[in-house]
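Asker: Below is the structure I would like to discuss, written out as structure tokens.
Here, each number is a calculation from the coordinates, and none is a lab measurement. Source: prediction; values computed, not measured. Don't worry about glycine lacking a Cβ; one is built from the backbone with ideal geometry, like all the others, and counts go over all protein chains shown.
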């Protein structure tokens with residue numbers, strides 16, 4: 001692509017890779033720079049070219065002239081880019097902090113898990129979260145919670161390790177070994193039955209939108225990372241990607257704790 005632009009050689013290189021479909025991580029690996037540096041370059045590229053999407057970027061690189069924008073449009077673009085960059089930096093900072101806590105905690109899950117849940121709830125704009133440890137045969141135990149309403153917490157404490165039905169979010173997650181994203185827990189037929197977990201989730205917890213993410217160590221299911229919103233606000237793709245990242249960090253923390261416990265028993 002030899003289209004005349006105001007981009008530097010490095011910016012041109014990144015723009016072409018991104019427009020061709022490469023991810024931040026792939027570009028960073030090819031150019032031996034950090035993913036955050038790729039994001040910063042893309043923010044500059046978008047501002048210079050006065051574009052707001054990858055489609056527009058590809059068009060500009062292929063010589064398609066963009067329609068003139070008003071000053072209001074320019075301000076909107078700059079504001080959106082600034083917010084996107086801030087979001088990206090917040091995510092990176094949160095994940096870095098979680099990894100630091102995991103590394104320093106020496107298997108202390110009581111220190112690690114609340115931090116993971118706190119960052120997940122903040123970045124995913126959710127009211128409460130639960131980390132369920134998986135026992136077997138569709139049985140779960142709520143090992144860590146954050147922000148959960150007292151009535152739902154009491155229900156979990158009273159029930160300890162409990163079984164879930166196939167129709168619940170957790171039950172479907174076990175069967176599918178995949179993320180289950182429910183737009184509104186009260187809209188499903190299960191809510192109109194006497195399923196105890198769905199009653200506790202919706203009526204005691206006040207949850208409406210919900211996502212359950214399997215926590216896998218290799219092929220072994222070790223738990224479920226769940227976050228809840230108390231209004232009907234489905235989780236976006238960005239929020240789900242974030243939640244999956246925090247679920248992965250939770251697996252790391254659990255496996256670290258297990259290995260440290262094994263080592264101490266051996267010695």
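Asker: Determine the relative contact order of the range 106-266: mean sequence separation of Cα pairs under 8 Å and six or more apart, normalised by residue count, in whole percent.
Answerer: 28
Asker: Figure the gain on full extension for residue 150 and residue 50 (residue separation times 0.36 nm, minus the Cα-Cα span) and round it to one decimal in nm.
Answerer: Here the segment from residue 150 to residue 50 would lengthen by 31.1 nm.
Asker: Can you sort 130, 27, 33 so the residue with the fewest Cβ neighbours within 10 Å comes first? Write out the running numbers ahead of the final one.
Answerer: Numbers: 130 26, 27 22, 33 15.
Ordered from fewest to most neighbouring Cβ atoms within 10 Å, 130, 27, 33 come out as 33, 27, 130.
Asker: Also, quick follow-up: Provide the gained length on full extension for the span residue 260 to residue 230, in nm with one decimal, where the gain is 0.36 nm per separating residue minus the Cα-Cα distance.
Answerer: Separation in residues times 0.36 nm, less the Cα-Cα distance, equals 7.1 nm.
Asker: When a footprinting reagent is the concern and you count Cβ atoms within 10 Å, what order do 112, 180 take, fewest first?
Answerer: Ranking 112, 180 by Cβ neighbours within 10 Å, fewest first, gives 180, 112.
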